[in-house]
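Worksheet: the structure to be examined is printed underneath.
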Amino acid sequence: MNITPRKLQKLGASSLVVTLPHTWIEAHGLKAGDVVYIVDEGDRLKIVPASTGSDRNAYEFEAYKLVMPQLVSWALTCLYVNNVNEATIDLRGMGPEAMQVLKEASMRLLGLELLEVERDRAVMKIVLDDSKADPKHAIKGLGSAVSNIAELLRQVAEGGQVTEDQFSIATNELTKYQHLIMRYVVGSMNSGSVEGNLQGTIVGTALLGVVGNTLLDAAKMASRLEVRSRVVSQLASQVRDLAPLVSAMVAQPSVKRLHEVAFNVVATISSIESYIKSSQSAAEAAIIAKVDDAIKTMAIVFMTILCGAVMGEEYLKPSTQ
C-alpha cells in the first residue's frame, strides 16, 4: 500500500475534490468521463476503476490443494499475470495464516481486489481495464519504484532513519509494477498482438527488478549495520537519477537517449573499484559492491536496448551486392 497525502478542496456546498496520484491514473489508463466506483469500507473509502475487459469469466480456484500457505501467495500472482480476472479462492482447512498470506499478496498486485472475504474463502477480482492500460506507463512506474529504493539507500547512508514500513512499501511498489508489466506481456502473447519490442520489454523489466532488489538489499544492510558513507550516498544519488531514464528507454527505445546516459554509467562503473579499495570498512565495501552490481545490471539493459535498435531497418539493411 502506497500512502500519499492530499488536501481536500471545497468545490461547492456539499462537494469536496481530491487529486489522485498521477502514476495511479496512468497505470489504470483513466481519462475524464471514465466511471470509477467509490467503495465505502466504514472508516475509509476506496476508489475502484470500472472494468470493461472482454475476458471476464469467473473461476473456482481450489487453493487448499496446494497445502502450503506460501504457495497460495505465489498462485495468486500466477492467476493475476495470466489474466484470470475473477475467481473464488477456496482455502478450506488451511487456517487463518493462508488468508493472511492471501491478503498480503493482493496488496502487491495493482488492480486486484479481494471481495466477499470469509473464514476460508474469498473472491479475487481484477478491476483493471486492460484495454485502456498503457504498458509504457507501467514500465516508467517500475523505474520510479527503483529510483525510490535508491533514495532510501541515500538517506540511510547519510544517517537518516528508514523504517521497516518504508522498506515494505518500496518492495510492494517494485513488485506491483513488475507483475503488471508481465500481465501485459502474457496478454499480448495470448492475443497474438505481439509488439516488436516485446523481448526488450521482458528483459528490461526483469533486469530493472533485479536492480531494485539489489539496491533494497544494500539499503537494508546499511540500515542494519548503521553504515554512514559519503561514497554510498553519492552512488545512490546517481542510481536514483538514472533509474527513470533507463525505464523510459525500456518503454520507448532510443539510441539517442542511450548515448546521453551510457557515458555516465560507464564512468561510474570505472570509478567504483577504487571506491571499494579505499572503503573505510568491510561493511561499506560490501554495500558499494552491491551498488556496483546494480549499475552493471543497468548496463545490460542498455545492451538490450542497443541490440533491439541495431536489428532495425535504420541500421541493418539487406546487402545490394
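The values are calculated or read from the model by the stated rules, or taken from the named source; none is laboratory data. None of the values given here were measured: they were computed from a predicted structure. Note that we place each Cβ from the backbone using ideal geometry, even for glycine, and neighbour counts take in every protein chain shown.
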Practice task
Look at R240 and say whether it is closer than 20 Å to A267 by Cβ, of a type in the set (K, R) and touching a residue at least 24 places away in the same chain (Cβ under 8 Å).
Solution key: yes
Practice task
Could you list, in sequence order, all residues of the stretch 212-251 that are touching a helix residue (DSSP H, G or I) at 6+ places or on another chain (Cβ under 7 Å), outside any helix (DSSP H, G or I) and within 17 Å of F167 (Cα to Cα)?
Solution key: V227
Handout entry: the stretch 51-81 - residue that is among the small types (G, A, S) and closer than 28 Å to D34 by Cα and, of those, modelled with the lowest pLDDT
Key = S54
Problem - Subset of the stretch 89-103 (residues that are surrounded by fewer than 17 Cβ atoms within 10 Å (Cβ to Cβ), under 15 Å from L114 (Cα atoms) and under 26 Å from the mean Cα position of the chain (by Cα)) - result: Q100, K103
Fill in the blank from the handout: Selection from the stretch 252-265 of residues in a helix (DSSP H, G or I) and either surrounded by fewer than 16 Cβ atoms within 10 Å (Cβ to Cβ) or in contact with a His (Cβ under 8 Å, 6 or more places away or on another chain) (or both) yields K256, R257, H259, E260, F263, N264
Problem - Residue ID - farthest from the chain's Cα centre (by Cα), chosen from residues in the stretch 57-74 that are among the aromatic types (F, W, Y) and surrounded by fewer than 17 Cβ atoms within 10 Å (Cβ to Cβ) - result: Y64
Exercise for the section: Check the stretch 290-305 and report whether any residue there is more than 18 Å from A150 (Cα to Cα), within 18 Å of the chain's Cα centre (by Cα), without any contact (Cβ under 8 Å) to a residue 40 or more places away in the chain and in a helix (DSSP H, G or I). Expected result: no
Problem - The listed residue being on the phi < 0 side of the Ramachandran plot, assigned by TED's automatic domain parsing to the domain that holds M298, in contact with a helix residue (DSSP H, G or I) (Cβ under 6 Å, 6 or more places away or on another chain) and surrounded by fewer than 20 Cβ atoms within 10 Å (Cβ to Cβ), out of E164, E158 - result: E158
Practice task
Output yes when any residue across the stretch 270-284 is within 25 Å of R228 (Cα to Cα), part of a helix (DSSP H, G or I), of a type in the set (K, R) and in contact (Cβ under 8 Å) with a residue 12 or more places away in the chain, and no when none is.
Solution key: no
Problem - When residues of the stretch 18-50 are limited to those that are at pLDDT 70 or above, in a loop (DSSP other than H, G, I, E, B) and hydrophobic (A, V, I, L, M, F, W, C), the one surrounded by the most Cβ atoms within 10 Å (Cβ to Cβ) - result: L30
Practice task
Looking only at the stretch 266-287, decide whether some residue is of a type outside the set (S, T, Y), within 23 Å of the chain's Cα centre (by Cα), modelled with pLDDT of 90 or more and buried (at least 21 other Cβ atoms within 10 Å of the Cβ).
Solution key: yes
Completion exercise
The one condition G159 fails out of (1) over 16 Å from G187 (Cα atoms); (2) of a type outside the set (A, V, I, L, M); (3) not in a loop (DSSP other than H, G, I, E, B) is (3)
Handout entry: Selected residue (only one of A98, A87 is among the small types (G, A, S) and part of a strand (DSSP E or B))
Key = A87
Exercise for the section: Quick one: which residue in S144, S168 is closer than 29 Å to V232 by Cα and without any contact (Cβ under 8 Å) to a residue 40 or more places away in the chain? Expected result: S168
